[in-house]
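Below is one structure, written out as structure tokens, with a few remarks after it.
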Amino acid sequence: MRTLFTRTARTVAAAALCVTALVACGDSGETATQADSITVSDQWVKAADSGMTAAFGQLANTGDSQVHLVSVSSPSSGYMEIHEMATSDSGGMVMREKEGGLVIPAKGSHSLDPGGDHLMFMDITAPVTAGQTVDLTFTFEDGSTKDVEAQVRDFSGNEENYDPGTTDMPMPQDVTPGA
């Protein structure tokens, strides 16, 4: 009986050691964040001397769960908003803050384009000129952040006018959505 007990105790101890080793190998102590799943490419900012400007690019989600971008900030702007183009009640196209931010689907992407969704610098702190880079910080629903650099380019479209008293902004006449 003593031999059976000793063998059983050794087997249980060996099994516990194996489980502990497997758990330790599988857990690096780091938890994946929403920011870890996002890649940003082809990012750029429209050159502007004052007022407003916008950032564009491609957001890709490499993860198995959707990712929710809730805000963006930059030292180049007093504050920023995530914007969308939408049809107003009167049937015209308007630019407005996108309620709730952006959702990037699992294994999917989201495009930020002139005439479409974009990141709006509402009050630039100094001129942003072609050739310079602008720092952006993306903040996700889980509180994680991703720092991104975007090159400034000359772009003649999207001459936005912003009236802080309204939530809808008319779409510029010289821009075709998605152009």
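Here is a check on your reading of the model: is Asp147 acidic (Asp, Glu), part of a loop (DSSP other than H, G, I, E, B) and modelled with pLDDT of 95 or more?
Against the criterion (acidic (Asp, Glu), part of a loop (DSSP other than H, G, I, E, B) and modelled with pLDDT of 95 or more), Asp147 does not qualify.
Please state which of the following conditions Gly116 fails to meet, knowing it meets all the rest: (1) in a loop (DSSP other than H, G, I, E, B); (2) of a type outside the set (S, T, N, Q); (3) open to solvent by 40 Å² or more (accessible area, probe 1.4 Å); (4) touching a residue at least 40 places away in the same chain (Cβ under 8 Å).
All conditions pass for Gly116, except number (3).
For every residue, the table says whether it meets (1) open to solvent by 20 Å² or more (accessible area, probe 1.4 Å); (2) not in a strand (DSSP E or B).
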| position | (1), (2) |
| --- | --- |
| Val72 | no, no |
| Ile82 | no, no |
| Met85 | yes, no |
| Gly91 | yes, yes |
| Glu99 | yes, yes |
| Ser111 | yes, no |
| Thr139 | yes, no |
| Asp142 | yes, yes |
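Which of the residues belonging to the stretch 119-137 are open to solvent by 50 Å² or more (accessible area, probe 1.4 Å), closer than 26 Å to Ser37 by Cβ and not acidic (Asp, Glu)?
Thr133 - this is the single residue of the stretch 119-137 that is open to solvent by 50 Å² or more (accessible area, probe 1.4 Å), closer than 26 Å to Ser37 by Cβ and not acidic (Asp, Glu).
Going by the structure shown, is Gly63 part of a strand (DSSP E or B), surrounded by 14 or more Cβ atoms within 10 Å (Cβ to Cβ) and not basic (Lys, Arg)?
So Gly63 fails the test.
The values are calculated or read from the model by the stated rules, or taken from the named source; none is laboratory data. These numbers come from a predicted model, not from an experiment. Don't worry about glycine lacking a Cβ; one is built from the backbone with ideal geometry, like all the others, and counts go over all protein chains shown. Just so you know, the surface numbers come from the protein's heavy atoms only, side chains and all, with ligands and any DNA or RNA stripped out. Shrake-Rupley method; radii C 1.70, N 1.55, O 1.52, S 1.80 Å.
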